[in-house]
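The values are calculated or read from the model by the stated rules, or taken from the named source; none is laboratory data. Small disclaimer: the values here were computed from a predicted structure and weren't measured. Heads up, the Cβs are rebuilt from the backbone with ideal geometry, glycines too, and the neighbour counts pull from every protein chain shown.
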Amino acid sequence: MLELTDIRVHRDGRDILALDSLTINARDFTVILGHNGSGKSTLMNLLARQMAPDEGAVKLEGKPIDRYSARDLARKIAFLPQRLPEVAGLNVRELVRLGRFPWRGLFGRWQAEDLAAIDDAMVRTDVTRYADQITDQLSGGERQRAWIAMLLAQQSPLLLLDEPTSALDLSHQYDSMSLLRDLNRQSGRGVVVILHDINLAARFADRVLALKGGRVVFDGAPDELLSEPRLSELYSIDIQLVSQPGHTRPVAVVA
C-alpha cells in the first residue's frame with residue numbers, strides 16, 4: 001500500500017500538486033485521468049520515487065519511501081516511464097532479463113527461478129516468438145508488450161505505467177490495457193496507469209483518480225465518473241454520454 005500525506009509540490013511559487021491524503025491499494029487496477037498539466041505525471045513520479053515532494057510524506061507499507069534502497073524498492077514497485085529508456089542492440093529476451101536485476105544484481109548467480117520468471121513473463125505477454133529479435137525493431141504494440149514483460153519478470157507486486165498507450169494505435173491500446181487487466185486479475189498485482197482516454201479508463205479500471213489543477217477532484221468507480229456535468233467540468237469542454245448498442249455503459253464523446 002502506498003500512502004501520501006500532506007503532499008505539496010511547488011513550481012514557480014505555486015502548487016502543481018496538493019494532496020491532503022491519498023492511499024493506493026496495491027491490488028487494484030487504478031487509472032489516473034486529467035488534462036495536460038493537471039498533475040498526473042507529478043503524482044506518478046512521487047509514487048515511483050522519481051522525485052520527492054517539497055512537503056509531506058510518501059510511505060510504502062508504512063515505511064517512508066526514501067528509506068528503501070534502490071534494489072529493495074524495485075522489488076516492491078516496477079515503473080515504466082512514458083519515455084522509454086534506450087535499449088539499443090538488446091533483443092527481447094535480453095530486455096526481459098533486466099527485470100531480474102533487483103534480485104541478482106550485476107554479478108549474482110542466476111537461479112532456476114530467474115529463468116522461470118523470464119519465461120513466464122514472456123509467455124504471459126505473448127512475446128516469446130520475438131525472443132531473438134532486436135527490441136527497437138519491433139512494432140509499437142510488440143515493443144510495449146516486451147517492456148511489460150520486463151516489468152513482470154521483476155516480480156514486483158505493484159506496476160506503475162505512465163501513459164503506456166500514448167504512442168499506440170487504437171487496436172494496440174485496447175490490447176495493452178486488456179493485457180494489464182488480465183495480469184492484475186490473474187496474478188493479484190496492483191496496476192496504476194496514467195491515461196487520457198475516458199472510455200479506456202471506464203472499461204478497465206477498478207478505481208479512477210481524476211486530477212485538475214493539481215488536486216484530486218474525483219476518486220471512485222468508473223461508472224460514477226460517467227456523468228456529463230462531471231466530465232465537462234473536469235476537461236473544461238462539453239462532453240456527452242452516448243449509448244452503445246449491446247452495452248450498458250455509455251461512451252464519452254466531445255459534444
> Out of the range 134-145, which residues are of a type outside the set (Val, Ile, Thr) and more than 15 Å from the chain's Cα centre (by Cα)?
Replying inline: Asp136, Gln137, Leu138, Ser139, Gly140, Gly141, Glu142, Arg143
>> Against the conditions (1) surrounded by 13 or more Cβ atoms within 10 Å (Cβ to Cβ); (2) in contact (Cβ under 8 Å) with a residue 24 or more places away in the chain; (3) more than 13 Å from Gly214 (Cβ to Cβ), where does Ser38 fall short? Just the number, please.
In response: (3)
> Can you name the number of the only condition in (1) touching a residue at least 40 places away in the same chain (Cβ under 8 Å); (2) more than 21 Å from Phe204 (Cα to Cα); (3) of a type outside the set (A, V, I, L, M) that Gln82 fails?
Replying inline: (2)
>> All but one of (1) over 24 Å from the mean Cα position of the chain (by Cα); (2) surrounded by fewer than 16 Cβ atoms within 10 Å (Cβ to Cβ) hold for Ile239; state the number of the condition that does not hold.
In response: (2)
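Yes/no matrix, rows are residues, columns are (1) closer than 19 Å to Val191 by Cα; (2) in contact with a strand residue (DSSP E or B) (Cβ under 8 Å, 6 or more places away or on another chain); (3) not hydrophobic (A, V, I, L, M, F, W, C):
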| position | (1), (2), (3) |
| --- | --- |
| Glu61 | yes, no, yes |
| Leu73 | yes, yes, no |
| Trp110 | no, no, no |
| Ile148 | yes, yes, no |
>> Which residue is nearest to Val96 (Cα to Cα), if the candidates are limited to the range 124-161 and must be aliphatic (A, V, I, L, M) and assigned to a helix (DSSP H, G or I)?
In response: Met150
> With respect to Val96, is the statement that it is of a type in the set (Val, Ile, Thr), assigned by TED's automatic domain parsing to the domain that holds Arg145 and touching a residue at least 40 places away in the same chain (Cβ under 8 Å) true?
Replying inline: yes
> Of the residues in the range 116-135, how many are at negative phi and either surrounded by fewer than 19 Cβ atoms within 10 Å (Cβ to Cβ) or among the basic types (Lys, Arg) (or both)?
Replying inline: 11
> Looking at this structure, is Glu113 free of Cβ contacts under 8 Å to residues at least 12 places away in the same chain and surrounded by fewer than 21 Cβ atoms within 10 Å (Cβ to Cβ)?
Replying inline: yes
> Of the numbered conditions (1) in contact with a Lys or Arg (Cβ under 9 Å, 6 or more places away or on another chain); (2) buried (at least 17 other Cβ atoms within 10 Å of the Cβ); (3) modelled with pLDDT under 95, Arg27 satisfies every one except a single condition; which is it?
Replying inline: (2)
> Any chance the range 68-83 includes a residue that's in contact with a helix residue (DSSP H, G or I) (Cβ under 6 Å, 6 or more places away or on another chain), assigned by TED's automatic domain parsing to the domain that holds Ser166 and more than 18 Å from Gln155 (Cα to Cα)?
Replying inline: no
>> Can you confirm whether Leu2 is within 18 Å of Ser156 (Cβ to Cβ), at pLDDT 95 or above and either among the β-branched types (Val, Ile, Thr) or touching a helix residue (DSSP H, G or I) at 6+ places or on another chain (Cβ under 9 Å) (or both)?
In response: no
> How many residues are surrounded by 15 or more Cβ atoms within 10 Å (Cβ to Cβ) and of a type in the set (Asp, Glu) if we restrict to the range 1-24?
Replying inline: 2
